[in-house]
Structure formats: structure tokens, C-alpha cells
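Here it is: the structure, laid out below.
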Amino acid sequence: MLPRPTSSNPEAAPDAATAPAACPACGNTQFRPLVDFGEVPHSGTFLRSADGSFATLRLRFEYCEECGLVRQPEAAAAQPDYSEIGRRTARQLPEYADEIVRRLAGAMRRPDTDLVVEVGANDGTFLDLLRAAAFQNRLAIEPSRPLAAICRDAGHAVENIHLTESHAARVAARYGAARVVVCRHTLEHVPAPHMLLRAMRRLLADEGWLFIEVPAAAPIVERLLAHELWDEHLTYFSPGNLERMAGLAGFHVIECKAAAHRSSENLMLWARACGTTKPALATTGAGAGELLARCSSFRERWNAFSAHLRELAPTWRAPVFALGASHPQSNFLLFSRLGARVSGLVDEDPSKIGFRVPLPQPVPVLSVPGFQDAMRGGTLLLTAFGYPDWMQRMRAELAGRDVAFVDPLEPLRQF
């Protein structure tokens with residue numbers, strides 16, 4: 001878990017006596033506040049009863065004045081422990097996953113013997129794709145004990161560790177140098193992403209390939225997608241600062257590009273292991289100027305947008321429900337302070353039905369059939385971000401039931 005500061009004032013400034021950790025990409029120590037959401041429940045919290053207790057944290061983000069890297073101020077001191085987290089991500093594979101597999105196949109010399117390592121393998125879903133593409137020598141590095149067990153049951157070799165440089169040396173000694181290392185949606189979760197990059201370099205053979213996939217910072221700050229600022233994500237990257245970190249860790253970057261994923265974007269970086277490192281440059285870098293400008297205005301724009309929504313909220317007919325019970329929905333409702341008006345969340349995932357999500361008051365999670373049977377009038381917030389087909393289907397199925405549909409992101413273009 002991240003440290004939980006005691007202050008709950010959303011506009012409180014960081015302790016001026018605490019020297020910020022240097023930016024892991026450019027070495028700069030000057031950061032500015034991006035946004036402060038105050039004291040909020042940990043996202044992904046599901047309660048068994050309305051009176052269940054839940055943990056909170058003060059959630060805030062800052063950005064580097066030089067390269068635009070976005071992070072939580074407490075990130076460097078965080079000690080996240082995923083050893084007992086069993087949250088599976090099989091449903092989150094991007095549409096372009098097959099393209100990644102094809103490109104990785106081209107990087108292999110002998111798929112029957114070349115070692116491919118996935119760092120942060122979760123339940124092994126991506127390794128399953130690699131096995132289907134004839135990758136026979138596969139290793140999952142997964143800190144979660146329950147997820148590591150799923151990987152083993154699926155037939156993958158597993159190291160149940162949080163990867164460090166010392167662990168990487170032991171893994172390389174046991175399994176040999178890897179031809180390919182894959183790290184998907186893991187780098188943003190660790191306190192020191194530059195150190196994880198160095199650990200992955202220790203796993204690779206010279207000229208071996210690294211593939212990194214992380215959420216992109218630019219669409220979040222440009223489009224005011226505050227719900228994508230997740231408390232488990234300690235850092236958000238741009239192509240420029242991600243490339244810098246990879247260079248410092250001993251990689252030669254071949255390509256770094258953004259790819260659309262649901263309502264936002266991911267960054268995909270392809271690099272080769274090399275014998276030298278590139279020094280960090282204390283310059284803004286190409287393309288960072290616009291990112292810095294949008295970062296500087298993010299808090300003002302978000303506050304204006306969420307205030308506008310709260311002005312509209314009294315016109316919504318009660319009861320008010322929202323589509324989706326994952327962290328983007330709870331984040332959006334908490335950060336905008338609209339959660340107090342919501343009576344329940346609707347979700348298609350059977351594992352969530354019957355639980356309650358703190359918004360901050362605990363509200364029930366309803367199944368789609370259960371919601372449709374009970375809903376005879378009121379308002380449904382179209383918060384299934386990135387799932388337009390589902391939202392359209394719900395509108396069609398609830399036609400004629402005196403239900404008002406509200407897209408809370410529709411006013412965004414004004415801000």
C-alpha cells in the first residue's frame with residue numbers, strides 16, 4: 001500500500017521541507033502539482049456490507065518541469081506489495097495484442113529454445129498467446145502468489161518475486177539469458193521504474209529485445225481523463241521520458257509509439273539491449289512543450305469541469321445509477337464528487353455482483369439483468385468508458401422505461 005498522509009485538504013501544498021526525489025528520466029528535481037483529489041478510498045475496493053470499513057489515501061500527482069513525467073509525490077517512498085493481489089487482467093488485452101505477438105516472433109531466432117520472459121505476467125494470458133505462437137521456452141515473473149499459481153497451472157515456468165537487479169542476476173543464472181523480455185502494464189506500478197528497467201536489462205542477452213507497454217500520460221492530461229489516474233499507478237510516461245529511461249538503463253530504443261486503447265492510449269516501446277547507456281539530458285525534449293502546457297492547466301480545467309457537472313447533477317432524475325464498477329468509474333465519481341448522488345453501479349462481471357463500492361458511501365453493484373428488472377425510471381450515467389457498444393446496448397434495452405441517459409464526458413469539449 002502507498003503511504004497515507006493525514007491531510008485531507010485537496011489544495012494542500014506538499015511539505016516544502018521535503019526534497020523531491022529526482023526525476024528518473026531526466027534527473028530534474030523541480031516538480032509542480034498536477035492535481036490533488038484529497039482523501040479517497042483505494043480504488044478497486046469492494047465491500048461485503050454497507051457498514052464495511054475501507055482504507056483511504058490522499059491521492060495527488062505532480063509533473064516534472066523538464067520532461068513532463070507525471071508521478072505521485074510519494075512514489076519514491078512507496079512500498080507496494082502485490083504478493084496477495086489476485087486481480088486478473090485477462091479481459092484487458094488490447095485489440096492489437098496479436099500485432100505484438102507477431103513482432104515478438106520476428107525477434108526470436110529459435111522459438112523452440114529462445115527464452116522469453118514476461119515481467120508482471122499476471123494470470124499468464126499473454127504468455128498463453130505466446131505459447132499459441134510456438135514460443136516454447138517461457139518464464140513468468142509474477143509477485144502475486146495466487147496469480148503465479150494460475151500461471152503454473154497453465155504450464156508456464158514461474159518465478160514468484162518482485163523483480164530487482166539481484167533477483168534478475170539469479171534468474172539469468174538459473175534460466176540463461178533471455179532473447180525477449182516483455183513488460184506490459186507493470187512499469188507504472190513500481191516506485192523506481194528506472195531500477196526495474198535496469199533489472200530487465202540484466203535478464204537479457206546482448207542484442208536481446210525489450211517490449212514495454214504502459215498507459216500514456218498525454219491523452220490523460222490533454223483530454224482531462226482524470227479517471228485514468230489510478231492510485232496504483234505511481235508514474236505516467238510520455239514517449240520522450242520513457243525513451244530516456246530506457247537509454248539510461250542500457251537499451252537502444254528502436255521505436256516508441258502510442259496506440260489507442262478504449263478511451264485512452266498506451267505507449268509501446270521496442271528496444272535492443274546494448275552495452276552502453278545514454279546520459280540523461282536536462283532539456284525539455286521534442287514534443288514535451290505541449291505536454292507541459294497541458295499539465296500546467298490540468299488542475300484548473302478539471303476543477304472547472306467537475307464543478308460544471310455538480311451544477312448539472314440536481315437536474316438528474318433519481319435514482320441515479322452508473323455503468324461499470326471498475327476503478328475508472330469509482331475514480332470518476334469520487335474525483336468529481338458526484339458519487340454522493342449515485343444509488344448503485346451496474347456491471348457485467350459476476351465476481352463483483354452483490355458487493356459494494358465506496359463512492360465514498362458504499363453503493364451496491366447490480367447485475368445487468370437485476371438492474372433492468374428493477375429500473376422503471378431515473379437516470380443512468382454512461383460511465384462505461386471505452387465500451388461504447390455496451391452503452392449503446394443498454395440504451396436500446398432500456399428504451400421506453402422513462403430512463404434518462406447522461407454522458408458525463410459530453411461537456412468535456414468545453415474545457
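What follows draws every value from the coordinates through simple rules; no lab data is involved. From a predicted model like this one, the values you see are computed outputs, not experimental measurements. Counting neighbours? That spans all protein chains shown, and the Cβs are built from the backbone with ideal geometry, glycine included.
So, in Å, what gap is there between the alpha-carbon centers of segment 106-183 and segment 18-61?
Answer, in whole Å: 31.
Over 10 Å intervals from 0, what percent of Cα-Cα pairs in segment 301-343 sits in each interval?
27, 58, 15
Take the Cα atoms of the chain, find their three principal axes, and give me the spread along each one in whole Å, biggest first.
Result for the chain: principal-axis Cα extents of 63, 49, 36 Å.
A further question follows. Give me the percent of DSSP beta bridges within segment 132-270 that run antiparallel, rounded to the nearest 5. The partial results should precede the final answer.
Details: 12 of 22 bridges.
Just about 55 percent of them are antiparallel.
Can you find, among 334, 136, 149, the residue farthest towards the positive end of the dipole of the chain? Put +1 on the C-beta of Lys and Arg, -1 on that of Asp and Glu.
Sorting the options by dipole projection puts first 136.
Roughly how many whole Å is it from the C-alpha centroid of segment 307-322 to that of segment 66-102?
Result: 32 Å between the Cα centres.
On to the next question. What whole-number distance in Å separates the alpha-carbon centres of segment 221-255 and segment 356-408?
Here the two parts' Cα centres lie 33 Å apart.
If I model segment 316-414 as equal point scatterers sitting on the Cα atoms and use the Debye formula, what is log10 I(q)/I(0) at q = 0.25 Å⁻¹?
Debye output, listed in q order: -1.60.
Let me ask another. Using +1 at the Cβ of each Lys and Arg and -1 at the Cβ of each Asp and Glu in the chain, identify which of 365, 173, 263 lies farthest towards the dipole's positive end.
173
Could I ask something else about it? So what's the net charge close to residue 168: Lys and Arg +1, Asp and Glu -1, counting the other residues with Cβ under 9 Å from its Cβ? The partial results should precede the final answer.
Working: positive: 170, 198, 201, 202; negative: 165.
Net local charge, residue 168 excluded: +3.
Can you give the helix-only mean residue ellipticity at 222 nm for the chain, where every DSSP H stretch with n ≥ 4 adds -39500 (n - 2.57) and the sum goes over all residues, rounded to the nearest 500 deg cm²/dmol?
-8500 deg cm²/dmol
For segment 270-415, give the magnitude of the charge dipole about the Cα centre (Cβ charges: +1 Lys/Arg, -1 Asp/Glu; no others), in debye to the nearest 20.
380 debye
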